[in-house]
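Reviewing the structure listed below.
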Amino acid sequence: MFKFITNKPFWVNLLAAIVLVVLIIFLFLKMLGWLTKHGAYLKVPAVTGMKTDAAINLLEKQGFEVYIQDSVFTDTAARGIVLKQLPDPNALVKINRTVFITVNRTVPPMVDMPKLEGQNLAFAIKMLERNHLELGDTTYRTDFMLGSVLEQQYNGIRIAEKTKIQWGSRIDLVIGGGLDQKEIPVPSLIGMTYAEAKDYLEESGIGLGATIGDGIITDTAIAYVIQQRPDRFDVEKRLTYIQQGQLMDVWISQVMKNAIDTLPTRKNELP
């Protein structure tokens, strides 16, 4: 059976062996290329700016694997779109190549509310921008802290620092307007509830100083003001005056007692 081989010269057998090995390697490489689709390339479509679902469907239909590499939020771009892709659009890549995409979130993330109270307005605006928040309304209140933030508010309610709030939320600021040197008549708070007196003083630009309780106080808000300092009239029954930003002290009681001053006088009743 092997006489055909053994009867041939050695160099002929060697040459045949070499040819056989080369043929086997050639066939192996051809088969490997067919299995791996060697030489088959695809052009990567441009999906930047497309809705994420539509971009994934397009890439998969054209034979690409898709992997969402990152999810970020950019308020200057439409929500839920592809912001970035890798490889770049129109790049030639092998079939079955993975395309990595970065998408814009559909829901803004939550951020921490910074501390703005006590800071000047310019710094507060920079802090809002740095924390991806927007400046809402600004109102001014008579206060010696001229140009400083007195309160930070969200939807009309004071918001504490480090409170979680949605990216892009509008923050309203109450700014100190300085002290008005104009003197105004001392208002009469006697007969008002404590809550009414606080609101009245705030509207008038006058600060609330000490609050002294008389007897047992079960509910401060509905307790009555029975005495105040300074009084509305001096010892000679002349009207006294106070500057905006100054403080008034009040005495409160759960029950209304004999008033030391006259009945309350509203702003529109002041002389």
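Derivation of every value follows stated rules applied to the coordinates shown; laboratory data play no part. All values derive from a computational prediction rather than experimental measurement. Glycine also receives a Cβ, built like all others from the backbone with ideal geometry; neighbour counts cover every protein chain displayed.
Rank these for me by crowding, Leu150, Leu92, going from fewest to most other beta carbons within 10 Å.
Ranking Leu150, Leu92 by Cβ neighbours within 10 Å, fewest first, gives Leu92, Leu150.
Show the residues, 5+ positions off or on another chain, whose built amide H is closer than 5 Å to the amide H of Ser148.
Here Gly176 satisfy the definition.
Which pairs, out of Lys164/Lys198; Lys126/Lys182; Lys61/Lys84; Lys51/Lys115; Lys115/Lys182, put more than 28 Å between their alpha-carbon atoms?
As for pairs spanning more than 28 Å Cα to Cα, those are Lys164/Lys198; Lys126/Lys182; Lys51/Lys115; Lys115/Lys182.
Could you go through the range 46-60 in sequence order and give the Karplus-derived ³J(HN,Hα) for each residue, using 6.51 cos²θ - 1.76 cosθ + 1.60 with θ = phi - 60°, rounded to whole Hz, and x for Gly and Pro?
With coefficients 6.51, -1.76 and 1.60, one gets 7, 10, 4, x, 7, 4, 4, 4, 5, 5, 5, 4, 5, 5, 5 Hz.
List the residues whose amide H sits under 5 Å from the amide H of Ser169, counting only those 5 or more places along or on another chain, with H placed 1.01 Å from N in the peptide plane.
Glu134
Under a 5 Å amide H to amide H cut-off, with H placed in plane at 1.01 Å, what residues pair with Val99 once short-range neighbours are removed?
Sorted by chain and number, the residues that satisfy this are Glu65, Val66, Tyr67.
List the extent of the Cα atoms of the range 41-104 along each of their three principal axes, largest first, rounded to whole Å.
Per principal axis, max minus min of the Cα coordinates gives 36, 17, 16 Å.
What is the fewest-to-most order of Arg238, Arg141 by other Cβ atoms lying within 10 Å of their Cβ?
Exposure proxy ranking, most exposed first: Arg238, Arg141.
For the range 75-82, take each phi angle, set θ = phi - 60°, evaluate the Karplus expression 6.51 cos²θ - 1.76 cosθ + 1.60, and give the result in whole Hz per residue in order, putting x for glycine and proline.
6, 8, 10, 5, 6, x, 9, 7
Average projected area of the Cα convex hull of the range 96-165, in nm²?
Mean projected area for the range 96-165: 6.6 nm², to one decimal.
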